[in-house]
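Only one structure is covered here, and it is reproduced in the block below.
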Amino acid sequence: MVNQGLEGIVAAQTKLSLVDGERGELIIAGYPIAELAHNATFEETVWLLWNGELPMPDSFRDELASRREISPEAMVVLRAFAKDGADSMDALRAAIGCERVQWRTGASPVLPSRWTGEGACPPLAKFPTIVAAYARLTSGREPIAPRRDLGHAANYLYMLSGEAPDAERVRGLETYLNTVVDHGLNASTFTARVITSTGSDLVSAIVGAVGALKGPLHGGAPGPALDMVFEIGDASRAEEVLRKKIEAGEKLMGFGHRVYKVRDPRADVLAAAAERMFTRGGDMHLYTLARAVEATALRLLEEYKPGRKLQTNVEFYTALLLHGLGLEVPLFTPTFAISRAAGWIAHCLEQRANNRIIRPQSEYIGPTGRTWSSPAYATN
(Lines give C-alpha, C1' and ligand atoms only; values in the text may rest on other atoms or scores of the structure.)
Protein backbone atom coordinates (compact mmCIF):
# COMPACT_ATOMS: atom_id res chain seq x y z
CA MET A 1 0.00 0.00 0.00
CA VAL A 2 1.33 3.43 -0.95
CA ASN A 3 0.47 6.34 1.33
CA GLN A 4 0.68 9.35 -0.98
CA GLY A 5 2.27 12.27 0.84
CA LEU A 6 3.03 9.84 3.72
CA GLU A 7 -0.58 10.34 4.85
CA GLY A 8 -1.15 8.59 8.18
CA ILE A 9 2.46 7.40 8.52
CA VAL A 10 4.06 7.93 11.96
CA ALA A 11 7.74 8.69 11.34
CA ALA A 12 8.87 9.99 14.74
CA GLN A 13 8.03 10.32 18.40
CA THR A 14 8.20 13.85 19.77
CA LYS A 15 7.74 15.79 22.99
CA LEU A 16 7.48 19.09 21.14
CA SER A 17 3.95 19.45 19.80
CA LEU A 18 0.69 17.52 19.64
CA VAL A 19 -1.58 18.27 16.68
CA ASP A 20 -5.07 16.78 17.00
CA GLY A 21 -6.90 17.44 13.76
CA GLU A 22 -10.16 15.82 14.84
CA ARG A 23 -10.51 17.85 18.03
CA GLY A 24 -8.87 21.00 16.72
CA GLU A 25 -6.19 21.04 19.41
CA LEU A 26 -2.56 22.14 19.37
CA ILE A 27 -0.37 21.55 22.42
CA ILE A 28 3.20 22.87 22.60
CA ALA A 29 5.40 21.00 25.10
CA GLY A 30 2.38 20.41 27.32
CA TYR A 31 0.72 23.83 27.00
CA PRO A 32 -2.48 24.47 25.02
CA ILE A 33 -1.55 26.92 22.29
CA ALA A 34 -3.87 29.68 23.55
CA GLU A 35 -2.34 29.63 27.02
CA LEU A 36 1.24 29.69 25.76
CA ALA A 37 0.77 32.16 22.91
CA HIS A 38 -0.94 34.89 24.91
CA ASN A 39 1.37 34.76 27.92
CA ALA A 40 4.92 33.70 27.05
CA THR A 41 7.67 35.78 25.54
CA PHE A 42 9.11 34.23 22.41
CA GLU A 43 12.35 33.51 24.25
CA GLU A 44 10.42 31.57 26.89
CA THR A 45 8.72 29.51 24.19
CA VAL A 46 12.08 28.73 22.59
CA TRP A 47 13.55 27.71 25.94
CA LEU A 48 10.54 25.49 26.59
CA LEU A 49 10.92 23.73 23.24
CA TRP A 50 14.67 23.28 23.57
CA ASN A 51 14.67 22.21 27.23
CA GLY A 52 11.21 20.88 27.95
CA GLU A 53 10.45 23.00 30.99
CA LEU A 54 10.23 26.49 32.43
CA PRO A 55 11.27 28.90 33.93
CA MET A 56 13.85 30.33 31.58
CA PRO A 57 17.02 31.85 33.02
CA ASP A 58 17.83 35.44 32.05
CA SER A 59 21.15 34.23 30.69
CA PHE A 60 19.35 32.55 27.78
CA ARG A 61 17.73 35.80 26.68
CA ASP A 62 21.12 37.52 26.90
CA GLU A 63 22.83 34.78 24.92
CA LEU A 64 20.25 34.93 22.14
CA ALA A 65 20.52 38.73 21.99
CA SER A 66 24.32 38.56 21.75
CA ARG A 67 24.23 36.43 18.56
CA ARG A 68 22.16 38.70 16.31
CA GLU A 69 24.86 40.22 14.12
CA ILE A 70 25.23 38.54 10.73
CA SER A 71 28.45 37.84 8.90
CA PRO A 72 29.92 40.16 6.25
CA GLU A 73 29.45 37.36 3.72
CA ALA A 74 25.73 37.19 4.49
CA MET A 75 25.40 40.95 4.03
CA VAL A 76 27.16 40.77 0.65
CA VAL A 77 24.66 38.11 -0.42
CA LEU A 78 21.70 40.21 0.75
CA ARG A 79 22.91 43.26 -1.14
CA ALA A 80 23.42 41.24 -4.31
CA PHE A 81 19.99 39.63 -4.06
CA ALA A 82 18.34 43.00 -3.37
CA LYS A 83 20.01 44.48 -6.44
CA ASP A 84 18.48 41.68 -8.52
CA GLY A 85 15.07 42.00 -6.85
CA ALA A 86 15.13 38.38 -5.69
CA ASP A 87 12.37 36.77 -3.63
CA SER A 88 12.78 37.35 0.10
CA MET A 89 12.76 33.62 0.89
CA ASP A 90 15.54 33.04 -1.64
CA ALA A 91 17.55 35.77 0.07
CA LEU A 92 16.88 34.28 3.51
CA ARG A 93 17.92 30.81 2.39
CA ALA A 94 21.15 32.06 0.85
CA ALA A 95 22.08 34.38 3.73
CA ILE A 96 21.46 31.89 6.52
CA GLY A 97 23.55 29.41 4.55
CA CYS A 98 26.49 31.82 4.84
CA GLU A 99 26.47 31.59 8.62
CA ARG A 100 29.11 29.08 9.60
CA VAL A 101 27.64 27.85 12.87
CA GLN A 102 29.58 24.98 14.36
CA TRP A 103 27.81 22.04 15.94
CA ARG A 104 30.59 20.26 17.74
CA THR A 105 31.27 16.79 16.36
CA GLY A 106 30.97 14.13 19.02
CA ALA A 107 28.96 16.31 21.40
CA SER A 108 26.51 14.43 23.56
CA PRO A 109 23.11 14.42 21.87
CA VAL A 110 21.32 14.28 25.22
CA LEU A 111 20.01 17.66 26.29
CA PRO A 112 21.02 18.69 29.81
CA SER A 113 18.27 20.13 32.00
CA ARG A 114 19.67 23.64 31.57
CA TRP A 115 20.92 23.53 28.01
CA THR A 116 21.37 26.83 26.19
CA GLY A 117 21.78 25.42 22.71
CA GLU A 118 25.36 24.93 21.58
CA GLY A 119 25.37 26.05 17.97
CA ALA A 120 21.60 26.60 18.03
CA CYS A 121 21.29 30.15 19.36
CA PRO A 122 23.26 31.83 16.54
CA PRO A 123 21.07 30.81 13.58
CA LEU A 124 17.84 31.53 15.44
CA ALA A 125 19.13 34.92 16.59
CA LYS A 126 20.21 35.87 13.05
CA PHE A 127 16.90 35.15 11.31
CA PRO A 128 15.25 38.50 12.23
CA THR A 129 18.41 40.42 11.33
CA ILE A 130 18.53 38.84 7.88
CA VAL A 131 14.83 39.34 7.18
CA ALA A 132 14.79 42.95 8.38
CA ALA A 133 18.00 43.83 6.55
CA TYR A 134 16.67 42.47 3.28
CA ALA A 135 13.35 44.27 3.68
CA ARG A 136 15.15 47.58 4.07
CA LEU A 137 17.59 46.92 1.23
CA THR A 138 14.77 46.11 -1.20
CA SER A 139 13.10 49.42 -0.31
CA GLY A 140 16.29 51.41 -0.88
CA ARG A 141 17.21 51.84 2.80
CA GLU A 142 20.26 50.74 4.73
CA PRO A 143 19.95 47.92 7.27
CA ILE A 144 19.71 48.80 10.96
CA ALA A 145 22.01 47.05 13.42
CA PRO A 146 20.29 44.94 16.09
CA ARG A 147 19.96 46.10 19.69
CA ARG A 148 20.83 43.77 22.56
CA ASP A 149 18.58 45.54 25.05
CA LEU A 150 15.40 44.58 23.17
CA GLY A 151 13.65 41.23 23.14
CA HIS A 152 13.54 39.02 20.05
CA ALA A 153 10.20 40.34 18.76
CA ALA A 154 10.80 43.97 19.71
CA ASN A 155 14.23 43.97 18.08
CA TYR A 156 12.79 42.64 14.82
CA LEU A 157 10.22 45.43 14.67
CA TYR A 158 12.93 47.95 15.56
CA MET A 159 15.23 46.75 12.77
CA LEU A 160 12.39 47.11 10.26
CA SER A 161 11.40 50.67 11.17
CA GLY A 162 14.25 52.18 13.19
CA GLU A 163 11.86 52.97 16.04
CA ALA A 164 11.42 51.02 19.26
CA PRO A 165 7.90 49.51 19.11
CA ASP A 166 5.26 49.99 21.79
CA ALA A 167 4.32 47.14 24.10
CA GLU A 168 1.06 46.38 22.26
CA ARG A 169 2.79 45.76 18.94
CA VAL A 170 5.43 43.62 20.62
CA ARG A 171 2.76 41.56 22.35
CA GLY A 172 0.93 41.10 19.04
CA LEU A 173 4.05 39.85 17.29
CA GLU A 174 5.06 37.60 20.19
CA THR A 175 1.61 36.04 20.17
CA TYR A 176 2.04 35.30 16.47
CA LEU A 177 5.57 33.91 16.85
CA ASN A 178 4.47 31.67 19.72
CA THR A 179 1.45 30.44 17.78
CA VAL A 180 3.36 29.18 14.73
CA VAL A 181 6.59 28.04 16.40
CA ASP A 182 5.92 24.32 15.90
CA HIS A 183 3.25 22.16 14.30
CA GLY A 184 4.15 18.49 14.19
CA LEU A 185 5.87 16.95 11.19
CA ASN A 186 4.90 19.56 8.63
CA ALA A 187 6.87 19.64 5.38
CA SER A 188 9.65 21.99 6.48
CA THR A 189 10.10 20.36 9.89
CA PHE A 190 10.23 16.90 8.33
CA THR A 191 12.81 18.18 5.85
CA ALA A 192 14.96 19.42 8.73
CA ARG A 193 14.72 16.07 10.50
CA VAL A 194 15.59 14.13 7.34
CA ILE A 195 18.72 16.23 6.80
CA THR A 196 19.70 15.93 10.45
CA SER A 197 19.23 12.16 10.33
CA THR A 198 22.03 11.93 7.76
CA GLY A 199 24.51 13.40 10.27
CA SER A 200 24.63 16.72 8.47
CA ASP A 201 25.04 20.04 10.28
CA LEU A 202 22.37 22.28 11.76
CA VAL A 203 22.67 25.08 9.20
CA SER A 204 22.19 22.62 6.34
CA ALA A 205 19.01 21.35 8.00
CA ILE A 206 17.72 24.90 8.45
CA VAL A 207 18.51 25.85 4.84
CA GLY A 208 16.59 22.80 3.64
CA ALA A 209 13.66 23.71 5.85
CA VAL A 210 13.59 27.27 4.47
CA GLY A 211 13.44 25.81 0.96
CA ALA A 212 10.45 23.66 1.92
CA LEU A 213 8.68 26.57 3.61
CA LYS A 214 8.98 28.68 0.45
CA GLY A 215 6.49 26.45 -1.32
CA PRO A 216 3.04 28.06 -1.63
CA LEU A 217 1.34 24.91 -0.32
CA HIS A 218 3.19 25.31 2.97
CA GLY A 219 4.12 28.87 3.89
CA GLY A 220 2.83 31.08 1.10
CA ALA A 221 -0.91 31.57 1.68
CA PRO A 222 -1.24 34.52 4.13
CA GLY A 223 -0.69 37.14 1.44
CA PRO A 224 -3.44 35.85 -0.90
CA ALA A 225 -5.82 35.55 2.06
CA LEU A 226 -5.40 39.26 2.76
CA ASP A 227 -5.67 40.11 -0.93
CA MET A 228 -9.07 38.41 -0.99
CA VAL A 229 -10.32 40.57 1.90
CA PHE A 230 -9.08 43.73 0.19
CA GLU A 231 -10.64 42.65 -3.11
CA ILE A 232 -14.04 42.35 -1.39
CA GLY A 233 -13.59 45.74 0.24
CA ASP A 234 -17.04 45.93 1.81
CA ALA A 235 -19.02 43.28 3.69
CA SER A 236 -21.98 43.80 1.35
CA ARG A 237 -19.88 42.41 -1.54
CA ALA A 238 -18.61 39.33 0.27
CA GLU A 239 -21.24 36.85 -0.92
CA GLU A 240 -21.13 37.98 -4.54
CA VAL A 241 -17.33 37.83 -4.79
CA LEU A 242 -16.93 34.57 -2.89
CA ARG A 243 -19.68 32.81 -4.85
CA LYS A 244 -17.96 33.73 -8.11
CA LYS A 245 -14.64 32.41 -6.82
CA ILE A 246 -16.09 29.11 -5.67
CA GLU A 247 -18.10 28.61 -8.87
CA ALA A 248 -14.98 29.36 -10.91
CA GLY A 249 -13.15 26.60 -9.05
CA GLU A 250 -10.88 28.96 -7.14
CA LYS A 251 -9.63 28.00 -3.70
CA LEU A 252 -10.58 30.39 -0.91
CA MET A 253 -7.23 31.17 0.71
CA GLY A 254 -7.25 30.92 4.49
CA PHE A 255 -9.78 28.08 4.61
CA GLY A 256 -9.22 24.34 4.88
CA HIS A 257 -6.24 22.45 6.30
CA ARG A 258 -4.53 19.15 5.57
CA VAL A 259 -4.73 18.08 9.24
CA TYR A 260 -7.56 19.97 10.94
CA LYS A 261 -11.08 18.67 10.30
CA VAL A 262 -12.47 21.42 12.52
CA ARG A 263 -11.41 25.02 13.05
CA ASP A 264 -7.64 25.52 13.29
CA PRO A 265 -7.01 26.44 16.96
CA ARG A 266 -4.33 28.89 15.90
CA ALA A 267 -6.95 30.90 14.01
CA ASP A 268 -8.78 31.65 17.26
CA VAL A 269 -5.56 32.72 18.98
CA LEU A 270 -4.61 35.10 16.17
CA ALA A 271 -8.15 36.40 15.76
CA ALA A 272 -8.13 37.41 19.44
CA ALA A 273 -4.70 39.01 19.08
CA ALA A 274 -5.82 40.93 15.98
CA GLU A 275 -9.01 42.12 17.67
CA ARG A 276 -7.03 43.41 20.65
CA MET A 277 -4.52 45.19 18.44
CA PHE A 278 -7.10 46.81 16.14
CA THR A 279 -9.21 47.83 19.13
CA ARG A 280 -6.24 49.53 20.76
CA GLY A 281 -5.44 51.20 17.45
CA GLY A 282 -8.92 52.68 17.27
CA ASP A 283 -9.77 51.57 13.70
CA MET A 284 -11.82 48.37 13.55
CA HIS A 285 -12.85 48.59 9.88
CA LEU A 286 -10.46 45.97 8.49
CA TYR A 287 -11.00 43.59 11.40
CA THR A 288 -14.78 43.86 11.10
CA LEU A 289 -14.57 43.30 7.33
CA ALA A 290 -12.39 40.23 7.82
CA ARG A 291 -14.86 38.72 10.30
CA ALA A 292 -17.70 39.30 7.84
CA VAL A 293 -15.72 37.72 5.00
CA GLU A 294 -14.88 34.75 7.21
CA ALA A 295 -18.51 34.16 8.20
CA THR A 296 -19.69 34.37 4.60
CA ALA A 297 -16.92 32.09 3.34
CA LEU A 298 -17.71 29.41 5.93
CA ARG A 299 -21.41 29.50 5.05
CA LEU A 300 -20.76 29.26 1.31
CA LEU A 301 -18.15 26.50 1.65
CA GLU A 302 -20.66 24.41 3.57
CA GLU A 303 -23.27 25.14 0.89
CA TYR A 304 -21.06 24.26 -2.08
CA LYS A 305 -18.91 21.59 -0.45
CA PRO A 306 -21.02 19.99 2.30
CA GLY A 307 -19.17 17.65 4.61
CA ARG A 308 -15.72 18.81 3.50
CA LYS A 309 -15.23 20.61 6.84
CA LEU A 310 -13.35 23.53 5.28
CA GLN A 311 -12.81 25.72 8.31
CA THR A 312 -10.74 28.85 8.93
CA ASN A 313 -7.02 28.10 9.14
CA VAL A 314 -4.07 29.96 10.62
CA GLU A 315 -3.28 31.89 7.44
CA PHE A 316 -6.47 33.95 7.43
CA TYR A 317 -5.75 35.75 10.69
CA THR A 318 -1.99 35.65 10.19
CA ALA A 319 -2.52 38.03 7.28
CA LEU A 320 -4.74 40.34 9.30
CA LEU A 321 -2.44 40.45 12.33
CA LEU A 322 0.79 40.96 10.41
CA HIS A 323 -0.81 43.66 8.28
CA GLY A 324 -1.95 45.37 11.47
CA LEU A 325 1.63 45.27 12.71
CA GLY A 326 2.69 47.21 9.61
CA LEU A 327 4.37 44.34 7.76
CA GLU A 328 4.17 44.20 3.98
CA VAL A 329 3.03 40.98 2.29
CA PRO A 330 6.56 39.96 1.14
CA LEU A 331 7.49 39.79 4.84
CA PHE A 332 4.72 37.37 5.82
CA THR A 333 6.45 34.07 5.01
CA PRO A 334 9.94 35.19 6.20
CA THR A 335 8.36 36.29 9.49
CA PHE A 336 6.79 32.85 9.76
CA ALA A 337 10.31 31.44 9.30
CA ILE A 338 11.65 33.62 12.13
CA SER A 339 9.33 31.72 14.46
CA ARG A 340 9.38 28.25 12.92
CA ALA A 341 13.20 28.18 12.95
CA ALA A 342 12.98 27.60 16.71
CA GLY A 343 10.79 24.57 16.09
CA TRP A 344 13.09 23.28 13.34
CA ILE A 345 16.05 23.47 15.68
CA ALA A 346 14.12 21.70 18.45
CA HIS A 347 13.30 18.87 16.06
CA CYS A 348 16.91 18.65 14.90
CA LEU A 349 18.01 18.28 18.52
CA GLU A 350 15.36 15.66 19.16
CA GLN A 351 16.35 13.76 16.03
CA ARG A 352 20.01 13.75 17.05
CA ALA A 353 19.15 12.49 20.52
CA ASN A 354 17.78 9.22 19.15
CA ASN A 355 18.90 9.15 15.56
CA ARG A 356 18.24 6.67 12.80
CA ILE A 357 18.58 7.80 9.22
CA ILE A 358 15.17 8.50 7.69
CA ARG A 359 14.98 6.29 4.62
CA PRO A 360 11.45 5.35 3.46
CA GLN A 361 10.92 2.95 0.59
CA SER A 362 9.27 3.52 -2.75
CA GLU A 363 7.21 1.25 -4.97
CA TYR A 364 8.61 0.88 -8.47
CA ILE A 365 5.95 1.11 -11.19
CA GLY A 366 8.20 1.42 -14.25
CA PRO A 367 9.03 -1.12 -16.95
CA THR A 368 11.20 -4.22 -16.37
CA GLY A 369 12.92 -6.82 -18.52
CA ARG A 370 14.46 -4.46 -21.02
CA THR A 371 17.63 -5.51 -22.88
CA TRP A 372 20.22 -3.10 -24.18
CA SER A 373 20.89 -2.72 -27.87
CA SER A 374 23.12 -0.10 -29.37
CA PRO A 375 20.97 2.56 -31.00
CA ALA A 376 21.36 3.10 -34.69
CA TYR A 377 22.26 6.72 -35.33
CA ALA A 378 21.51 8.30 -38.66
CA THR A 379 24.54 9.46 -40.59
CA ASN A 380 24.71 12.30 -43.07
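The values are calculated or read from the model by the stated rules, or taken from the named source; none is laboratory data. Not measured: the values here are computed from a predicted model. Quick reminder, even Gly has a Cβ in these numbers, built from the backbone with ideal geometry, and neighbours come from all protein chains shown.
Scan segment 201-219 for residues that are part of a loop (DSSP other than H, G, I, E, B) and either farther than 16 Å from residue 342 by Cβ or in contact with a strand residue (DSSP E or B) (Cβ under 8 Å, 6 or more places away or on another chain) (or both) and jot them down.
If we filter segment 201-219 for residues that are part of a loop (DSSP other than H, G, I, E, B), which is where we start, we get 201, 214-219.
Result: 201, 214, 215, 216, 217, 218.
The single condition from (1) hydroxyl-bearing (Ser, Thr, Tyr); (2) assigned to a helix (DSSP H, G or I); (3) farther than 29 Å from residue 276 by Cβ that residue 335 fails is (3). What's the total number of residues in segment 7-29 that are at positive phi and surrounded by 13 or more Cβ atoms within 10 Å (Cβ to Cβ)? Number of matching residues: 2.
One residue is enough: does segment 153-171 have a residue meeting the conditions assigned to a loop (DSSP other than H, G, I, E, B), among the small types (Gly, Ala, Ser) and touching a residue at least 12 places away in the same chain (Cβ under 8 Å)? Yes, some residue in segment 153-171 is assigned to a loop (DSSP other than H, G, I, E, B), among the small types (Gly, Ala, Ser) and touching a residue at least 12 places away in the same chain (Cβ under 8 Å). Taking the listed residues 300, 321, the one that is assigned to a helix (DSSP H, G or I) and closer than 30 Å to residue 92 by Cβ is 321, with no other qualifying.
Look through segment 232-255, keep the residues that are under 28 Å from residue 340 (Cβ atoms) and surrounded by fewer than 18 Cβ atoms within 10 Å (Cβ to Cβ), and return whichever of them is farthest from the chain's Cα centre (by Cα).
Step by step, filter segment 232-255, then rank; the result is 250.
When you check residue 162 against the structure, is it modelled with pLDDT of 95 or more and over 21 Å from residue 61 (Cβ atoms), yes or no? Here the answer is yes, as residue 162 does meet what is asked.
Taken residue by residue, segment 180-194 has at least one member that is at pLDDT 95 or above, assigned to a helix (DSSP H, G or I) and touching a Leu at 6+ places or on another chain (Cβ under 7 Å).
Among residues of segment 311-328 being in contact with an Asp or Glu (Cβ under 8 Å, 6 or more places away or on another chain) and hydrophobic (A, V, I, L, M, F, W, C), the one that is farthest from residue 268 (Cα to Cα) is 316. When only residues in segment 63-72 that are surrounded by 13 or more Cβ atoms within 10 Å (Cβ to Cβ) and free of Cβ contacts under 8 Å to residues at least 60 places away in the same chain count, which is farthest from residue 147 (Cα to Cα)? It comes out as 71. Within segment 21-37, residues that are among the β-branched types (Val, Ile, Thr) have Cβ atoms under 6 Å from residues that are part of a strand (DSSP E or B) in these pairs: 27/18; 28/17; 33/26, counting only partners at least 6 apart in sequence or on another chain.
Scanning segment 1-25 for residues that are hydroxyl-bearing (Ser, Thr, Tyr) and outside any loop (DSSP other than H, G, I, E, B) yields a count of 1.
Evaluated against (1) more than 26 Å from residue 170 (Cβ to Cβ); (2) at pLDDT 95 or above; (3) hydrophobic (A, V, I, L, M, F, W, C), residue 16 falls short on exactly one condition, (1). Figure legend. Inter-residue proximity from segment 232-261: first residues on the phi > 0 side of the Ramachandran plot, second residues assigned to a loop (DSSP other than H, G, I, E, B) and surrounded by 11 or more Cβ atoms within 10 Å (Cβ to Cβ), beta-carbon distance below 7 Å, spacing 6+ or different chains. Indicated pairs: 254/221; 254/313; 256/310; 256/313. Does residue 247 qualify as being farther than 21 Å from residue 331 by Cα and either assigned by TED's automatic domain parsing to the domain that holds residue 295 or modelled with pLDDT of 85 or more (or both)? Here the answer is yes, as residue 247 does meet what is asked.
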